[in-house]
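J.: Quick one: the structure is below, and I'll ask about it shortly.
Only the coordinates and a few stated rules stand behind these numbers; no lab work does. None of these values were measured; they are calculated from a predicted model. For neighbour counting, all protein chains shown are included, and Cβ atoms are generated from backbone atoms with ideal geometry for every residue, glycine included.
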Amino acid sequence: MKIAFVGKGGSGKTTLSSLFIRHLATTGAPVVAIDADINQHLGAALGLDEAEAAGLPAMGDHLGLIKDHLRGTNPRIAGADKMIKTTPPGEGSRLLRVREDNPVYDACARPVELDGGAVRLMVTGPFTDADLGVACYHSKTGAVELCLNHLVDGRDEYVVVDMTAGSDSFASGMFTRFDITFLVAEPTRKGVSVYRQYKEYARDFGVTLKIVGNKVQGEEDLDFLRAEVGDDLLVTVGHSDWVRAMEKGRPPRFDLLEDANRRALRTLHTAVDATYELRDWERYTRQMVHFHLKNAHSWGNERTGADLAAQVDPGFVLGEGVAAPA
């Protein structure tokens, strides 16, 4: 199951995504965690110290390897240099599985030990001084989108992505790559403004969107969120001494997290698992192709010097039953 955490900057989306990742780890489920935010804080939220977080390999630095691996023997792709972030898989492409070992994970993922288990952590890499004035951050998150396009995940397998703040993910088709999106919103006008943007942009794409109210201090805050987001409000989270200790670099054992917050995480887990029965791989593949053709026309063809529409395999549908190439 693919899960996105979004919200405005400072909403607490990284904290909540890290708590959910910790919760999943306690169940023994396989988890791939991806930090796709411009501000790379997920590693620290999962307990890495500053040096360990800084030493994580950046997916953007291994984009060539990622493309080479995913291309496989797909005859519709002339070379890895002709692949862009939206390139869809087809016959002969190599797909990524959550539980497997592969060259992409070897290069870009690192195990993080948590209470009750371990997860694979991948990061886009930080926006550096060398990028200023010459690079777009979406070129870095393109590695994430390409991997998600080629990812086949099943029941009780989880990929949790801490997304860019605000509505930046709508600059590509990545917002359609998830089974469910949790939008973390504070009980303020600014806090729900990103919700309105997401709701509007996602309306035509069947995106399952649920609101997690954060920093909720009482009935007045709860009433505000209910009035603003209605039935999309899934659960709320309040103050946490456990989180405060974690932010100081001294997290207690995870089983000491407050009961109310543990219940909230179980609610998220239940909502995620419920979306499994709603999966529509044909729609998923169709949306992938839609955004690829859109990007090909607007900049990809000119950038690569190729007709990228030819990369679309009309008979291919991504799904759990797709066999690996020989």
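J.: By average Cβ neighbour count within 10 Å, what is the ranking of 176-187, 220-231 from highest down?
T.: On the way: 176-187: 24.0, 220-231: 15.1.
So the order, starting with the most tightly packed, is 176-187, 220-231.
J.: Moving on to the next point. Per-residue ellipticity at 222 nm for the chain, helices alone: DSSP H runs ≥ 4 residues times -39500 (n - 2.57), over residue total, nearest 500 deg cm²/dmol? Present the calculation step by step, with values, prior to reporting the outcome.
T.: On the way: 12 runs with 117 residues, N = 326.
Value at 222 nm, helices only: -10500 deg cm²/dmol.
J.: In nm, give the distance between the simple-model label positions of residue 101 and residue 239, each being 7 Å from the Cα along the Cα-to-Cβ direction.
T.: 4.8
J.: Assuming R0 = 25 Å, what is the FRET efficiency of residue 322 and residue 231, from their Cβ-Cβ distance, to the nearest 0.05?
T.: Details: r = 35 Å, r/R0 = 1.40.
Efficiency computed from Cβ-Cβ geometry: 0.10.
J.: Mind ordering 27-34, 298-305, 192-199 by average Cβ neighbours within 10 Å, highest first?
T.: Ranking the peptides 27-34, 298-305, 192-199 by packing returns 27-34, 192-199, 298-305.
J.: Here is a further query. Applying the Karplus parametrisation 6.51 cos²θ - 1.76 cosθ + 1.60 with θ = phi - 60° to the phi angles of the stretch 32-48, what ³J(HN,Hα) value in whole Hz is obtained for each residue in order, glycine and proline being reported as x?
T.: Calculated HN-Hα couplings, in order: 10, 9, 10, 9, 10, 8, 5, 9, 8, 10, 5, x, 5, 5, 8, x, 6 Hz.
J.: Pull out the extension gain between residue 259 and residue 156, defined as 0.36 nm times the separation in residues minus the alpha carbon to alpha carbon distance; nm, one decimal. Provide the component values of the computation, followed by the final result.
T.: Details: separation 103, 0.36 × 103 = 37.08 nm, distance 2.34 nm.
34.7 nm is the gain from fully extending residue 259 to residue 156.
J.: Rank-order 209-215, 2-8, 250-256 by packing density, defined as the average count of other C-beta atoms within 10 Å over each peptide's residues, highest first.
T.: Peptide ranking by packing, descending: 2-8, 209-215, 250-256.
J.: What residues from the stretch 75-102 fall in the zone where the backbone N is under 11 Å from a label point 7 Å along the Cα-to-C-beta line of residue 279?
T.: 98
J.: Residue-wise, which Karplus ³J(HN,Hα) couplings in Hz belong to the stretch 250-266, taking 6.51 cos²θ - 1.76 cosθ + 1.60, θ = phi - 60°, and x for glycine or proline?
T.: My calculation for the stretch 250-266 gives 10, x, x, 4, 5, 6, 9, 4, 3, 4, 4, 6, 5, 5, 4, 5, 5 Hz in order.
J.: Here's something else I'd like to know. Please list, ordered by chain and number, the residues whose modelled amide H lies under 5 Å from the amide H of residue 237; skip anything fewer than 5 residues away on the same chain.
T.: Sorted by chain and number, the residues that satisfy this are 213, 214, 215, 216.
J.: Per-residue HN-Hα couplings for the stretch 91-108, Karplus 6.51 cos²θ - 1.76 cosθ + 1.60 at θ = phi - 60°, whole Hz, x for Gly and Pro?
T.: So the J values, rounded to whole Hz, are 4, x, 5, 8, 9, 9, 10, 5, 8, 7, 9, 7, x, 5, 5, 4, 7, 10.
J.: Sticking with this structure for a sec: Starting from the amide H of residue 258, placed 1.01 Å from N in the peptide plane, find each other amide H under 5 Å away whose residue is 5 or more places distant or on another chain.
T.: Answer set, sorted by chain and number: 242.
J.: Which FRET efficiency, nearest 0.05, do residue 286 and residue 73 yield, Cβ-Cβ r, R0 41 Å? Mind dumping the intermediate values first?
T.: On the way: r = 24 Å, r/R0 = 0.58.
FRET efficiency, residue 286 to residue 73: 0.95.
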